[in-house]
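The structure under discussion appears below in the form of structure tokens.
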């Protein structure tokens, strides 16, 4: 009995083999290979040379990397809270069963299904000097137009606006799902408890969806640290690298200058940064799970 | 501080669907009133309308001297215990109990005093720092009651609060609720579909059926003198026997009832002159039917199923014409399926129901 059970037990592995193969080939192997690459001076055209942590030292000493790191941190620090707050606001506003709410939910989510090329094209129409929507609005208001895509500071802001517009669907949907899990009788009890709308929001709704707020924040931190397409297509990292994010730096080092080892080292550093940011968020959230009044 | 509740010509519609139709009811201060009825009869809706969780389509509701049906739930001076308890899961027991008082800016000292007093009354003082998920069903139930008590409301509203408890705990909590009512002397309105809860807790029971109130009365009145055939059938376990009536004739002070399988029964019963035997039924409870000792002759009953409950035995059988009848014997009765018994009816305990369902009771019953 025991023997036949053991045999059948190993036989079960056949069912997970297809997934295991894909996982090993497409996830585990590249992860370890990139670590191996980051320790070698390699250009993909010949055998690599082991350089230890040399690539890491070169990356950390590179002012372009440091500028890209700073840009990315600023971008994440501004876009993630905006996505969380706006997503929550939309979810609260649209958490009802009217036709208008259903339509608006679909409308706000629709941007998420567009490709990055279309998103950037739309926002280039908005920001592009001369014929863009913003210059026209500025002109109508009698204001001096701002060249959003090629002015330091404004270029990263423009990328941020396009990103929030593109990514708002997922946070909104996750918050809506969480809001719909809150039992209706809690709100009835709060109504009998004389709670004001603000007290209901801060003492009933937000604590009830605290885990989802944490989840959305971590997902957005991970996603926004990987900013690339929007910056690449809207501003190409300019002017003077003020809107160049870390992934674009990795792309330029690895695929434009073919310094693959250095690119891999920068990738590992980005991986660590994302891991640390998500962990910090997780620790902070779990230490104080209840939202203050 | 208990208050009366006055419900006057209240109706509730959802679109074209009428859920409550012209309900009027007066609840005295300090009274324990139970709304009893089957699922979907509108009893919970009526309670929720008193609480302010449902709008009133027509009519008025007053608590004390104040008309409340236009006020929001928090301003009505009532507290409610929900079927699911509806405790705030992220707050401790103490926070759950004090939340309502904080909202109306009661001082911290007063909140603390009331929470501790209620916690001691309900024996949950040791649970004040715990969150609801760390509590058993019974403890959550007490916290929900505690949350209502601290508000010192004019009336307590209970929406089937015992239905999520196991049988033993339900019995104990029922007793504690009765003690709590005796101690607080507050107006309490309690919704249930469980007739045992209604019979044991209520000063008065409001039996509801099909959007309307069928009968309002003390538990014994409801049980002994049901106003309608629905009340007679709904209250009591096993349900009252209903035997079709073939004919009724006047007979001196009473009537002679020809009922299927029972023969002619002479009962002291006053019927209106227009009473028609067509569609009428004779009602009698199982405990008012006795099994005669062997050798005595009565009404024959063929036993089909016997249920031994320990203290009593329920005998399900058929009369000579096939009409079903349930009788009750004592717990030690030697009865088996297939036996032929002779039974007798307590004529003073019979009821006669017209085709319209209205009951007429035997004199002295």
Can you give me the three principal axis dimensions of region A:24-88 from its C-alpha atoms, in Å, biggest first?
50, 34, 19
Return the equivalent ellipsoid semi-axes of chain A as a descending list in whole Å, where each equals the square root of 5 times an eigenvalue of the C-alpha gyration tensor.
37, 34, 18
Show log10 I(q)/I(0) for region B:133-290 at q = 0.19 Å⁻¹, two decimals, from a solvent-free Debye sum over equal Cα scatterers.
-1.21
For region B:41-165, what D do you get in µm² per second when you plug the Kirkwood radius from alpha-carbon pairs into Stokes-Einstein at 20 °C and 1.002 mPa s?
141
Cα centroid of region B:159-214 to Cα centroid of region A:203-255, whole Å
58
Checking the a/c ratio against 1.5 first, then a/b against b/c, what shape does the Cα gyration tensor give for region A:197-273?
prolate
How large is the convex hull of the Cα atoms of region B:238-361 per residue, expressed in Å³ as a whole number?
99
Shape metrics for region B:229-304, restricted to C-alpha atoms - Rg then Dmax, Å:
13.9, 42
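In peptide B:78-87, what is the residue-averaged number of other protein chain Cβ atoms found within 10 Å of each Cβ?
4
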Please work out the Kirkwood hydrodynamic radius for region B:5-227, using every pair of different C-alpha atoms, and report it in angstroms with one decimal place.
17.9
Over all directions, the average projected area of the alpha-carbon convex hull for region A:1-112 comes to how many nm²?
15.9
Would you give the gap between the C-alpha center of region B:294-365 and the C-alpha center of region A:67-110, rounded to a whole Å?
71
Any chance you could check the Cα centroid distance between region B:74-110 and region A:130-166 for me, in angstrom?
50
Rg [Å, one decimal], Dmax [Å, integer] - the protein assembly as shown, C-alpha atoms:
37.7, 123
Relative contact order of chain B (C-alpha contacts under 8 Å, at least 6 apart) in percent is 15
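Each value in this text was obtained by applying a stated rule to the coordinates, not by laboratory testing. Computed from a predicted structure; not experimentally measured. Glycine also receives a Cβ, built like all others from the backbone with ideal geometry; neighbour counts cover every protein chain displayed.
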